[in-house]
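The values are calculated or read from the model by the stated rules, or taken from the named source; none is laboratory data. It should be emphasised that the depicted structure is a prediction, and the values quoted were computed from it without experimental measurement. A quick note on method: Cβ atoms are made from the backbone with ideal geometry, for glycine too, and the neighbour counts reach across all protein chains shown. Just so you know, the surface numbers come from the protein's heavy atoms only, side chains and all, with ligands and any DNA or RNA stripped out. Shrake-Rupley method; radii C 1.70, N 1.55, O 1.52, S 1.80 Å.
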Amino acid sequence: MAGDGTVVDCEPPFPPAGDDLLAHVAVERVVGVLLVRLGGHAAGVFRGTELVASKVGSRLVHGRHRAGGSSSGRFARRRANQARDALAAAAEVAVTVLREPAESGALDAVVLGGDRAALTTVLEDRRLAAVAALAQPRVLDVPDPRLAVLRATPDRFRATVVTVTSREPECGQP
């Protein structure tokens, strides 16, 4: 805390950080990444910033049908089936890319990104228990998961989030 009451809070990646923040963020880790949105998914393993294994895929999931009528129920069922199939495909990719390194202890952490509800559904797959156990609390906000988006994630998951909070001066104080 500064003399004027300003507080700087640093949230490093992969807690706990210990006393030396710079040494903590400089450690080269092996990190699994799972990005999921309805219709798209990507999984990868990074050694430092190098992508050493990955798989990306997509499945068609129609948007929501806004109009009512006799066909709206059929459309909703079809969309639900498409979403279920897309999330099952995402789980298969996660099993293929992340399960073995997570179970063997080769991964230091797993970073998640995308839609939280979709990620929750994918991680409910029992085969991904070791992956879910390594998942970090911070979830990255990412666009449609593609290879380019996956390759860009190290800059985001290795970042330290810094929050500066200023104390408002009380009445009569400068």
message = Cβ neighbours within 10 Å, averaged per peptide: list 151-164, 116-129 in order, most packed at the top.
response = 116-129, 151-164
ask   = Roughly speaking, what is the stretch gain from residue 136 to residue 156, that is 0.36 nm per residue apart minus the C-alpha to C-alpha distance, in nm to one decimal?
value = 5.9 nm
Pair residue 78, residue 148: separation of 7 Å Cα→Cβ label points (nm) = 3.1 nm
message = Could you report the accessible area of residue 22 in Å², rounded to 10, computed with a 1.4 Å probe on the protein chains as they sit in the structure?
response = 130 Å²
inquiry  = Given points 7 Å out from each Cα along the Cα-Cβ axis, report the residue 7 to residue 52 separation in nanometres with one decimal.
reply    = 3.9 nm
